[in-house]
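Encoded as structure tokens, the structure appears first; notes follow it.
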Amino acid sequence: MLRAKVLVVDPEALTYEALKPGLSKHGYEIHTTTTTPEALSLAGAHDYKAALVALTSTVDEGLLTGLQAERPGISVIIVCSSEACGIPAPVVDIVDNAMGKPLILESVLLMLDRSLELTLLRSRLRQLRQDWYPPLGSEVDGESPEQAVISLDEVLTHSLRTMVSNMGVVGRGTLHRAVLSHVEKLLLTIVLNECRGNQLRSADILGINRNTLRKKLRDFGISFPRRSA
């Protein structure tokens, strides 16, 4: 079953050929190109959920903005020539993550899986806002828009009811562990994003020490490029 179509934009696109069979087994359909015009043409013709873009290809300023225009919400992952990625601030501000070469199948799968999770989370959050918050300027039960704010308990109750009703998907006997793990992973991801990848600041906000945070990030496979303030 197809999970998602993924666009690769890289002058060394041939290096992805060896990964295609393994990615295909996990439901990813990979399309490769080396040029911006062809990338934008493909993006207009296919419903890509993610794009692996070589850092060298981002020198064309129209590539990333063009991809986002053609496919709003697409998850963009920068691929660097090594694990040490020196990503310019303008690029960091509009991409979701980064990874270095050489590319290993397991690492690429993990990155794509996480990107789809984040994309799905964003979609659910948008839907929750539409479901829970009244349109700007409207009133609910005599309350002003400023007063009609939902509590954290209400959001969690709504989400947990949905998860419990789908216990067959989560697996009986694993719901408690699955919920705690999922919530913790999302919390770490959101805090790191808000702190622009600053682990020291994130650990301070979370109330844990930096070593504990690093271990949790490794366990969950979470990595964020450090962003400029």
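Readers should treat all values here as calculations from the given coordinates under stated rules, not as data from a laboratory. Note that this is a predicted model, so its numbers are computed, not measured. Neighbour counts run over all protein chains shown; Cβ positions are idealised from the backbone, glycine included.
Which of V6, V183, V191, V108 has the fewest other C-beta atoms within 10 Å, and how do the rest follow up to the most?
Details: V6 25, V183 13, V191 17, V108 22.
Fewest to most other Cβ atoms nearby, the residues stand as V183, V191, V108, V6.
List the lysines whose alpha-carbon lies under 24 Å from that of K101, not counting same-chain residues fewer than 8 positions away? Of all the lysines, those that pass the test against K101 - Cα under 24 Å, at least 8 places apart if same chain - are K5, K20, K25, K49, K215, K216.
Mind sorting M111, M99 by how few other Cβ atoms lie within 10 Å of their own Cβ, fewest first? Present the calculation step by step, with values, prior to reporting the outcome.
Working: M111 22, M99 19.
Final ranking by Cβ density, sparse to dense: M99, M111.
Computed from the C-alpha gyration tensor, the three semi-axes of the ellipsoid equivalent to segment 4-111 are 19, 17, 12 Å, from longest to shortest. Each Lys or Arg adds one and each Asp or Glu subtracts one; over the other residues with Cβ under 14 Å from the Cβ of A51, this totals -4.
Among I87, I208, the ranking by other beta carbons within 10 Å of each residue's beta carbon, starting with the fewest, stands as I208, I87.
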